[in-house]
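Novice: Structure below; questions to follow.
The values are calculated or read from the model by the stated rules, or taken from the named source; none is laboratory data. On a predicted model such as this, the values are computed, not experimentally measured, just so you know. Cβ sites come from the backbone with ideal geometry, for glycine too, and all protein chains shown count toward neighbours. Side chains included, ligands, DNA and RNA excluded: accessible areas come from the protein's heavy atoms. Shrake-Rupley method; radii C 1.70, N 1.55, O 1.52, S 1.80 Å.
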Amino acid sequence: MGRGPAPGVRGALLVGSMPLADSASVFKFANQQLGSYLRRIPDGETGARINWTQWQLDVFAGVRALTSEMFDAGYIRRLKFKLKAGATAEDVLFPPLGYAEAAKASYRVFRSLKSAGELRGDVKFQVCLPTPIAPTIIFVFPEDQPALEPRYEAAMLAELDEIVAAIPAAELAIQWDTAIEFAILEGVLPHALENPQADIVSRLVRLGNRVPEAVELGFHLCYGDSGGRHFKEPEDTSKLVTIANEIAGGLERRLDWLHLPVPQERFDAPYYQPLERLRLQPNTELYLGLVHASDGVEGTNRRIACALRHARGFGVATECGCGRQKAKTLATLMRIHAAVSAPVQARKVQDRSWS
């Protein structure tokens, strides 16, 4: 492929986390590097949130009805929690999880930068949330997951409700980060689900439908990034496509965007062929996480060429958030995004299709 974006390659998506000092640094950096390529900007999940759900360890540790011990799952070794002897799920009272507080603080910065003309007027504030099953699977022993997951989900939905009540819908975009689900489907993590695929899809659809129609909704489907590696390398996009189709088919509201990962070494047709089975709503934006710093524009363009044989059009992204990247690599990653994709254009009123 030559220089510049290939036909059918559109804007860019920032998946979530960035190793910068604070949300103001993220907003300014993203706007400087990729402003014309982005419809949405996340706050970078800076500070305590930089390592995805790890900061929720303190939330679980603060619940008096729980006790913990070290657990080695092979992929990750960490503390896990279970009910204390004699305690029941009704004794588990989660405090505020912190996601709404962080979102409201970041939005104030976002709004201030917009008012100062440092961000485009039509760019949206992207809030990335882990699906409730993720911290539950990560931090709770399997035998107590069925009892504790509904309690944590209720706490997470309270956070979502607080976010959508505080931030104008016209400026807000909610992304559900969906990674642990694929660890379950790939048989990597122990769990207590009786029918994993059906149970996972029902949860994801429920979470999607909880986001008000006036707020944009996206899903980031992921194979993890702990230690700079996936919990398992996907054989192809078939599981991703299957879950994506079931989410899209089950939602009672619009799906605004979908993100799927692409490993660096995949230049083979079999990885991308299942994309032909994607059945998304007409106005859903597809983003493929095929931007990798290690092989730059050339490698990214090779992956784009492979993907375009099986997907009509898409935007570009990294596989996962950049939070575990070294800060010095960020500018390189952003330059790759810009080199291979076309800028987005302002949408007409009520028009949520690509422009």
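Novice: Based on what the data block shows, is ALA147 open to solvent by 30 Å² or more (accessible area, probe 1.4 Å), free of Cβ contacts under 8 Å to residues at least 40 places away in the same chain, of a type in the set (Gly, Ala, Ser) and part of a helix (DSSP H, G or I)?
Specialist: Considered against the rule, which asks whether it is open to solvent by 30 Å² or more (accessible area, probe 1.4 Å), free of Cβ contacts under 8 Å to residues at least 40 places away in the same chain, of a type in the set (Gly, Ala, Ser) and part of a helix (DSSP H, G or I), ALA147 comes out as no.
Novice: Something else now. Specify the residue that is farthest from ILE180 (Cα to Cα); the eligible residues are those in region 15-53 that are touching a Pro at 6+ places or on another chain (Cβ under 7 Å) and open to solvent by 10 Å² or more (accessible area, probe 1.4 Å).
Specialist: SER36
Novice: Hey, GLN56 hits all of (1) more than 23 Å from GLN345 (Cα to Cα); (2) buried (at least 21 other Cβ atoms within 10 Å of the Cβ); (3) at pLDDT below 95; (4) not aliphatic (A, V, I, L, M) but one; which does it fall short on?
Specialist: All conditions are met except number (3).
Novice: For region 167-190, does any single residue satisfy the condition of being of a type in the set (A, V, I, L, M), touching a His at 6+ places or on another chain (Cβ under 6 Å), open to solvent by less than 20 Å² (accessible area, probe 1.4 Å) and within 26 Å of GLU319 (Cβ to Cβ)?
Specialist: Yes: one or more hits.
Novice: Okay, moving on. Given the criteria open to solvent by less than 50 Å² (accessible area, probe 1.4 Å) and either among the acidic types (Asp, Glu) or in a helix (DSSP H, G or I) (or both), does ALA158 qualify?
Specialist: For ALA158, the condition - open to solvent by less than 50 Å² (accessible area, probe 1.4 Å) and either among the acidic types (Asp, Glu) or in a helix (DSSP H, G or I) (or both) - is not met.
Novice: What number of residues in region 38-65 are assigned to a strand (DSSP E or B) and among the hydrophobic types (A, V, I, L, M, F, W, C)?
Specialist: Residues meeting the conditions: 2.
Novice: Any idea which of (1) at pLDDT below 95; (2) open to solvent by 50 Å² or more (accessible area, probe 1.4 Å); (3) within 24 Å of ASP256 (Cβ to Cβ) is the one GLY8 doesn't satisfy?
Specialist: With respect to (1) at pLDDT below 95; (2) open to solvent by 50 Å² or more (accessible area, probe 1.4 Å); (3) within 24 Å of ASP256 (Cβ to Cβ), GLY8 is out only on (2).
Novice: Within the bounds of region 325-341, is there any residue that is closer than 20 Å to TRP176 by Cα, open to solvent by 10 Å² or more (accessible area, probe 1.4 Å) and in contact with a Pro (Cβ under 6 Å, 6 or more places away or on another chain)?
Specialist: No; the residues of region 325-341 include none that is closer than 20 Å to TRP176 by Cα, open to solvent by 10 Å² or more (accessible area, probe 1.4 Å) and in contact with a Pro (Cβ under 6 Å, 6 or more places away or on another chain).
Novice: Okay, next question. Checking ARG266 against (1) farther than 25 Å from ARG302 by Cα; (2) at pLDDT below 95, which test does it fail?
Specialist: Checking ARG266 against (1) farther than 25 Å from ARG302 by Cα; (2) at pLDDT below 95, the one that fails is (1).
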